[in-house]
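Engineer: Sharing a structure, written as structure tokens. Questions coming.
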Amino acid sequence: MSRLSPSRRSFVKASVAAGATLALPGLSFAQAYPARPIKLICPWPAGGSTDAVMRALAESAGKALGGQFIVENKAGASGMLGPNELVNAAPDGYTLSQLTIGVMRLPHMQKMQFDPLKDFTYIAMLTGYTFGIVVRADSPIKSIKDLVDFAKAKPGEFTYGSTGNGTTPHLAVEEFAAKAGIKLQHIPFKGNADGMQALLGGHVMSHSDATGWGPHVDAGTCRLLATYGSKRTKRWPNIPTLNELGYDTISDSPFGIGGPKGMDPALTQKLHDAFRKTLDDPAVLASFEKYDQSVIYMNTADYTKFARETFLKEKAMIERLGLAAKS
């Protein structure tokens, strides 16, 4: 039996190693990941409530992963600029985005750049918003009853801002208005920060959004009229929900983190595990508490199933409100 020369022996070793790597490409890649900073898109303006929560999640997940996340704000289009970017991104785990309920809703309202059932990897659901409608403290509207009475007396004159067409803060108010038999004027904004600026500046009469308005309510510069959840909030227990006021409107809106389609399962699992650990981080939980958000966790499989089921539920709601895209 002939012996292999040193150069031949090195070649065989290298070939065996390469074969092992090819046999387990995902595992090998996941072990080396991350080799550079990961872009995490926050599809809302800097300075808003989502931005603050996303930055807390990014810092915590970076520590868990042994890497670094860079949060990039891409505001506009009702929170869809992040999901849009995932469509053409490489499935290498270096481009991720927040995914809201809008991803499953807006395709029923207008033509989108993505198919929510085919174009994303749903990594993990983490938390969800509490929504409500606020007016300035000096507003003559002191309750939902006052709002309804005003709108009935002056149809279409009561203005409210939201974070964009088709977002939950928009559609929850439209649902309430339909149940109340009133017509309101909707003014869309890019996010919480500019919407609140418009309210405080007197450019709109009210603002519907997640609890980025919370500090203004606590400071006494804004008045919270109602929240939209299935039960009252811990933070403002004296404020009624639209549902208990008799308007049959409940809007709970969980969100999570997603990546492009086609991500390697081992890589997806590694990212899932890092984001799952954030839910045990006191700094992350403090950011949730600040904006009255709770932990709403789903793993990759459950989140993917939720997306499919929600896509169908949102279709029914959009059609009920008469907002479906015309074919």
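The values are calculated or read from the model by the stated rules, or taken from the named source; none is laboratory data. Quick caveat, the model's predicted, so the values are computed rather than measured. Heads up, the Cβs are rebuilt from the backbone with ideal geometry, glycines too, and the neighbour counts pull from every protein chain shown.
Engineer: Residues of region 67-88 being assigned to a loop (DSSP other than H, G, I, E, B) and crowded, with 18+ Cβ neighbours inside 10 Å, which ones?
Structural biologist: Of everything in region 67-88, those that are assigned to a loop (DSSP other than H, G, I, E, B) and crowded, with 18+ Cβ neighbours inside 10 Å turn out to be 74, 75, 80.
Engineer: Of the residues that sit in region 122-175 and are aromatic (Phe, Trp, Tyr) and not in a helix (DSSP H, G or I), which one is nearest to residue 323 (Cα to Cα)?
Structural biologist: Here the answer is 160.
Engineer: Of the conditions (1) within 25 Å of residue 193 (Cα to Cα); (2) assigned by TED's automatic domain parsing to the domain that holds residue 125; (3) without any contact (Cβ under 8 Å) to a residue 40 or more places away in the chain, residue 232 satisfies every one except a single condition; which number is it?
Structural biologist: With respect to (1) within 25 Å of residue 193 (Cα to Cα); (2) assigned by TED's automatic domain parsing to the domain that holds residue 125; (3) without any contact (Cβ under 8 Å) to a residue 40 or more places away in the chain, residue 232 is out only on (2).
The rows are residues; the columns are (1) among the charged types (D, E, K, R); (2) over 30 Å from the mean Cα position of the chain (by Cα); (3) over 19 Å from residue 202 (Cα atoms).
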{"position": "130", "(1), (2), (3)": "no, no, yes"}
{"position": "137", "(1), (2), (3)": "no, no, no"}
{"position": "145", "(1), (2), (3)": "yes, yes, yes"}
{"position": "158", "(1), (2), (3)": "no, no, no"}
{"position": "163", "(1), (2), (3)": "no, no, no"}
{"position": "167", "(1), (2), (3)": "no, no, yes"}
{"position": "172", "(1), (2), (3)": "no, no, yes"}
{"position": "182", "(1), (2), (3)": "no, no, yes"}
{"position": "185", "(1), (2), (3)": "no, no, no"}
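Engineer: In region 244-257, how many are under 16 Å from the mean Cα position of the chain (by Cα) and charged (D, E, K, R)?
Structural biologist: 1
Engineer: Confirm whether residue 239 is in the same structural domain as residue 270 (by TED's automatic domain parsing) and at pLDDT 95 or above.
Structural biologist: No; evaluated as a whole, the condition is false for this residue.
Engineer: Name the residue that is surrounded by the fewest Cβ atoms within 10 Å (Cβ to Cβ), counting only residues in region 89-106 that are of a type in the set (Gly, Ala, Ser) and not in a helix (DSSP H, G or I).
Structural biologist: Going through the qualifying residues, I end up with 90.
Engineer: Please work out if residue 260 is within 22 Å of residue 41 (Cβ to Cβ) and more than 14 Å from the chain's Cα centre (by Cα).
Structural biologist: Taking the combined requirement at face value, the residue satisfies it.
Engineer: So, residue 178, is that one out of contact with any Phe, Trp or Tyr (no Cβ under 6 Å at 6 or more places or on another chain) and either surrounded by fewer than 18 Cβ atoms within 10 Å (Cβ to Cβ) or among the small types (Gly, Ala, Ser) (or both) or not?
Structural biologist: Answer is yes for this residue.
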